[in-house]
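Student: Okay, here's the structure, questions in a sec.
The values are calculated or read from the model by the stated rules, or taken from the named source; none is laboratory data. On a predicted model such as this, the values are computed, not experimentally measured, just so you know. Note: ideal-geometry Cβ built from the backbone for every residue, glycine included; neighbour counts use all protein chains shown.
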Ligand code: SF4
Ligand code: SF4
């Protein structure tokens, strides 16, 4: 069972929920769950766990390298590139690595077989364990603009070999390509929101992507319940979206998290709430 935790906006408590679900799963089941931090621009979930990293490697985008001894400057590579990442100017072929999406089209159309691929390093993936949870994360290098290849490498490397029946994915916030990449292989998506107009607006956007575009079932967690109004709840009822849990506005949670203490370690009374969420998700996935 692969559960992705996502949110239409940042700061809703997505990482807190992902880490708490992993800790609850580790308590509940006999095997180690796998927590994958796909929020590669801010991979914070490992900060709450005492991870001993045992593996890691650089990752990136396969970009073209042109052999000028073979090149005839025909320009076909430039014509096929919708990203304008390769240009032919006179007797020069310019490759703009930061624009390249690694699609390989230029190499396919080159009539002289003058294009090979090299890796443009944009980030790193690494994995380890804290003893009860297997953990892996992607890290996008500073200044890089494309998180998707790092997320893709992380999922390709750690998802198939996880051996865990429970995998929790901490996705990026928002509704753009990194979120689609992170959640598209999951069985169920937990959307974390807060009961405010902003929370409702961004929840609707997330539901549109995950349910309407990707056709993945979702459940909603309302975090900081009590701070706003009941519009999120009304929307969920109207759209037939299950509300998996409401986490109350509790100052102690903020204090724990600001000290790097996982919610369930600092406030174990919340453990049952997360065990119930896991049970509810498992039932819905089995359905
Ligand atoms: S398609 Fe090949 S031969 Fe033509 S300009 Fe590009 S690299 Fe050179
Ligand atoms: S690999 Fe794709 S994106 Fe990159 S330069 Fe070639 S055609 Fe453009």
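Student: Checking residue 104 against (1) touching a helix residue (DSSP H, G or I) at 6+ places or on another chain (Cβ under 6 Å); (2) in contact (Cβ under 8 Å) with a residue 40 or more places away in the chain; (3) more than 22 Å from residue 41 (Cα to Cα): exactly one of these is not met. Which one?
Tutor: (1) is the only condition that residue 104 fails.
Student: Listed residues 12, 16; which is under 11 Å from residue 191 (Cα atoms) and either surrounded by 24 or more Cβ atoms within 10 Å (Cβ to Cβ) or in contact (Cβ under 8 Å) with a residue 24 or more places away in the chain (or both)? First the steps, then the outcome.
Tutor: Values: 16 fails: under 11 Å from residue 191 (Cα atoms).
Every option except 12 fails the conditions.
Student: Listed residues 31, 42; which is more than 30 Å from residue 200 (Cα to Cα) and surrounded by fewer than 24 Cβ atoms within 10 Å (Cβ to Cβ)? Lay out the reasoning, then the answer.
Tutor: Working: 42 fails: more than 30 Å from residue 200 (Cα to Cα).
Testing whether each residue is more than 30 Å from residue 200 (Cα to Cα) and surrounded by fewer than 24 Cβ atoms within 10 Å (Cβ to Cβ) leaves just 31.
Student: Shifting gears a bit: Taking segment 186-208 only, how many residues are in contact with a strand residue (DSSP E or B) (Cβ under 9 Å, 6 or more places away or on another chain) and not in a strand (DSSP E or B)? Walk me through it before giving the result.
Tutor: First pass over segment 186-208, keeping only residues in contact with a strand residue (DSSP E or B) (Cβ under 9 Å, 6 or more places away or on another chain): 186-196, 199-200, 202-203, 206-207.
Right, trim to not in a strand (DSSP E or B) and you get 186-187, 194-196, 199-200, 202-203, 206-207.
Count: 11.
Student: Can you tell me which of 141, 84, 67 is under 30 Å from residue 36 (Cα atoms) and either touching a residue at least 12 places away in the same chain (Cβ under 8 Å) or within 24 Å of the chain's Cα centre (by Cα) (or both)?
Tutor: On the way: 84 fails: under 30 Å from residue 36 (Cα atoms); 67 fails: under 30 Å from residue 36 (Cα atoms).
Going through 141, 84, 67 in turn, just one is under 30 Å from residue 36 (Cα atoms) and either touching a residue at least 12 places away in the same chain (Cβ under 8 Å) or within 24 Å of the chain's Cα centre (by Cα) (or both): 141.
Student: Quick check on my filter: what residues within segment 71-99 are near ligand 1 (Cβ under 6 Å from one of its atoms), in contact with a helix residue (DSSP H, G or I) (Cβ under 6 Å, 6 or more places away or on another chain) and part of a strand (DSSP E or B)? Explain how you work it out, then say what you get.
Tutor: Keep residues of segment 71-99 that are near ligand 1 (Cβ under 6 Å from one of its atoms), which gives 71-77, 88, 93.
From what is left, the residues that are in contact with a helix residue (DSSP H, G or I) (Cβ under 6 Å, 6 or more places away or on another chain) are 76-77, 88.
Listed by number, the list holds a single entry, 88.
Student: Report, by residue number, each residue of segment 146-165 that is outside any helix (DSSP H, G or I), within 14 Å of the chain's Cα centre (by Cα) and either under 20 Å from residue 18 (Cα atoms) or not assigned by TED's automatic domain parsing to the domain that holds residue 32 (or both). Write out each step before concluding.
Tutor: Keep residues of segment 146-165 that are outside any helix (DSSP H, G or I), which gives 146-147, 159-165.
Checking which are within 14 Å of the chain's Cα centre (by Cα) leaves us with 146-147, 159.
147, 159 - these are the residues of segment 146-165 that are outside any helix (DSSP H, G or I), within 14 Å of the chain's Cα centre (by Cα) and either under 20 Å from residue 18 (Cα atoms) or not assigned by TED's automatic domain parsing to the domain that holds residue 32 (or both).
Student: Moving to a separate point now. Tell me, please, whether a residue that is out of contact with any strand residue (DSSP E or B) (no Cβ under 8 Å at 6 or more places or on another chain), surrounded by 14 or more Cβ atoms within 10 Å (Cβ to Cβ) and not assigned by TED's automatic domain parsing to the domain that holds residue 279 can be found in segment 111-126. Before you say what the answer is, go through the steps one by one.
Tutor: Going residue by residue through segment 111-126, those that are out of contact with any strand residue (DSSP E or B) (no Cβ under 8 Å at 6 or more places or on another chain) are 111-113.
Applying the additional criterion that residues be surrounded by 14 or more Cβ atoms within 10 Å (Cβ to Cβ) yields 112.
Now narrow it down to the ones that are not assigned by TED's automatic domain parsing to the domain that holds residue 279: 112.
Yes: segment 111-126 contains one or more residues that are out of contact with any strand residue (DSSP E or B) (no Cβ under 8 Å at 6 or more places or on another chain), surrounded by 14 or more Cβ atoms within 10 Å (Cβ to Cβ) and not assigned by TED's automatic domain parsing to the domain that holds residue 279.
Student: Among 138, 102, 143, which is assigned to a loop (DSSP other than H, G, I, E, B), assigned by TED's automatic domain parsing to the domain that holds residue 176 and more than 14 Å from ligand 1 (Cβ to nearest atom)? Spell out the reasoning first.
Tutor: Working: 138 fails: assigned to a loop (DSSP other than H, G, I, E, B); 102 fails: assigned by TED's automatic domain parsing to the domain that holds residue 176.
Exactly one residue qualifies, and that residue is 143.
Student: Assess whether residue 93 counts as being within 16 Å of ligand 2 (Cβ to nearest atom) and either at pLDDT 95 or above or surrounded by 16 or more Cβ atoms within 10 Å (Cβ to Cβ) (or both). Lay out the reasoning, then the answer.
Tutor: Numbers: within 16 Å of ligand 2 (Cβ to nearest atom): yes; either at pLDDT 95 or above or surrounded by 16 or more Cβ atoms within 10 Å (Cβ to Cβ) (or both): yes.
Taking the combined requirement at face value, the residue satisfies it.
Student: Of all residues in segment 105-128, which are within 9 Å of ligand 2 (Cβ to nearest atom), closer than 24 Å to residue 154 by Cα and part of a strand (DSSP E or B)?
Tutor: Filtering segment 105-128 down to residues within 9 Å of ligand 2 (Cβ to nearest atom) leaves 105-109, 115, 117.
Checking the rest, the ones that are also closer than 24 Å to residue 154 by Cα come to 105, 117.
If the condition is that a residue be within 9 Å of ligand 2 (Cβ to nearest atom), closer than 24 Å to residue 154 by Cα and part of a strand (DSSP E or B), then 117 is the only one that fits.
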